[in-house]
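Notes follow the structure.
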Amino acid sequence: MEKELKQSKTDISAWVGQYADPLFAYALARTGRGDVAEDLVQETFLAALKSGDGFRQESAALTWLTGILRHKILDYYRGLAKKSASLTEEQAQSHMDRWFDEKGMWKTPPKSWASSPSDMVENEEFWQTFHHCLDALPVQSREAFVRRMMDEEETKIICKEMALTQTNLWVILHRGRALLRDCLEKNWFMR
Amino acid sequence: MLSCKETARLISEGADRSLPLHRRFALRLHLMMCDACTSYRRQIQALQDLFQRRFHNKPLTTPMQPEAKDKIMKIIRRESGA
């Protein structure tokens with residue numbers, strides 16, 4: 001037992017040297033916060049250490065570690081919902097309903113933007129704003145958005161993991177995209 | 001005739017599944033006549049493309065601070081009772 005643990009410790013230490021950077025970059029892109037990304041990577045290596053013989057094939061170590069990290073990121077976003085006063089799905093929906101009149105026509109139509117999203121890939125100031133907007137989404141919309149847009153999960157898998165029907169998921173993803181667009185318009189593209 | 005509200009929902013839904021033919025037709029018809037929804041669709045698509053590029057095509061390569069790596073090494077040494 002002791003020998004096994006020692007063995008895995010050696011592996012994990014080597015993995016920190018090899019994989020900390022790609023894992024950190026992955027977490028940073030998804031959380032937008034360096035301190036959070038560092039903590040999540042640390043937790044990932046600790047979880048890897050504790051899982052002991054959970055992993056054997058060296059070739060896929062990064063894939064395995066990324067899988068652990070991915071779940072840590074989802075946990076982080078769920079925890080955030082408890083701490084912050086994000087809108088409930090119902091509140092978010094009634095906020096969106098106010099964009100339209102009783103016939104369903106735009107009351108506040110989309111504005112024309114002062115800059116183009118395609119220029120923002122490496123604009124870190126933009127991504128700070130993006131993460132403020134993402135953090136403000138209702139909890140299910142945020143989780144669904146992260147799974148769909150960041151992790152490119154199939155909608156079937158998201159439905160299963162989040163216990164949603166397909167129709168529910170489409171509405172929740174629509175809410176996420178629409179609220180993000182609105183938040184980015186107000187806080188970035190129109191400022 | 002679709003409302004703008006329904007159109008906005010279908011624009012998003014179209015990114016998650018292939019819409020049935022009659023919905024696609026109704027969507028196209030509405031977009032032909034509605035500038036606001038046409039802008040909305042363009043913006044949603046531009047954002048989707050942006051997210052795709054940021055999170056998949058061109059991943060970040062920001063390295064981790066050496067101090068943060070050292071901290072993880074220390075914790076692993078301690079946790080494994082070396």
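Which of the following residues is of a type in the set (Ser, Thr, Tyr) and surrounded by fewer than 16 Cβ atoms within 10 Å (Cβ to Cβ): A:116, A:86? So that I can check it myself, show each step before the final result.
Numbers: A:86 fails: surrounded by fewer than 16 Cβ atoms within 10 Å (Cβ to Cβ).
Only one candidate passes the filter, namely A:116.
Yes or no: the stretch A:141-151 includes at least one residue that is of a type outside the set (Phe, Trp, Tyr), free of Cβ contacts under 8 Å to residues at least 12 places away in the same chain and away from every other protein chain (no Cβ under 12 Å). Talk me through it step by step, then tell me what you get.
Residues of the stretch A:141-151 that are of a type outside the set (Phe, Trp, Tyr), as a first pass: A:141-144, A:146-151.
Remaining after also requiring free of Cβ contacts under 8 Å to residues at least 12 places away in the same chain: A:149.
Next cut, away from every other protein chain (no Cβ under 12 Å) only: none.
No: zero hits.
Please determine whether any residue of the stretch B:21-35 is surrounded by fewer than 16 Cβ atoms within 10 Å (Cβ to Cβ), at the interface with chain A (Cβ under 7 Å from one of its Cβ atoms) and in contact with a Leu (Cβ under 9 Å, 6 or more places away or on another chain).
no
Those residues that are within 9 Å of chain B (Cβ to nearest Cβ) and within 17 Å of residue A:74 (Cα to Cα), I need them from the stretch A:170-180; list them, please.
Listed by number, the residues that qualify are A:173, A:176.
Any residue in the stretch B:6-20 that's farther than 15 Å from residue A:144 by Cβ: show its pairings with residues that are β-branched (Val, Ile, Thr) at Cβ separation under 6 Å, as long as the two are six or more apart or on different chains.
Final answer for the pair search is B:11/B:44.
Residue check: is residue A:114 at pLDDT below 95, assigned to a loop (DSSP other than H, G, I, E, B) and of a type in the set (Gly, Ala, Ser)?
Yes: the conditions hold for residue A:114.
Scanning for something more than 20 Å from residue A:79 (Cα to Cα) and surrounded by fewer than 18 Cβ atoms within 10 Å (Cβ to Cβ), does the stretch A:21-33 turn up at least one residue?
Looking only at the stretch A:21-33, we keep the residues that are more than 20 Å from residue A:79 (Cα to Cα), and these are A:21-23, A:25.
This time we only want the ones that are surrounded by fewer than 18 Cβ atoms within 10 Å (Cβ to Cβ), so: A:21.
Yes: the stretch A:21-33 contains one or more residues that are more than 20 Å from residue A:79 (Cα to Cα) and surrounded by fewer than 18 Cβ atoms within 10 Å (Cβ to Cβ).
Can you pull out the residues in the stretch B:21-75 that are assigned to a helix (DSSP H, G or I) and either touching a Cys at 6+ places or on another chain (Cβ under 7 Å) or touching a residue at least 60 places away in the same chain (Cβ under 8 Å) (or both)? I'd like the intermediate steps shown before the answer.
First pass over the stretch B:21-75, keeping only residues assigned to a helix (DSSP H, G or I): B:21-33, B:35-57, B:66-75.
Selection gives B:30, B:31, B:36, B:37.
The values are calculated or read from the model by the stated rules, or taken from the named source; none is laboratory data. Since we're looking at a predicted model, the values are computed, not measured. When we count neighbours, we look across all protein chains shown, and the Cβ atoms used for this are built from the backbone with ideal geometry, even at glycine.
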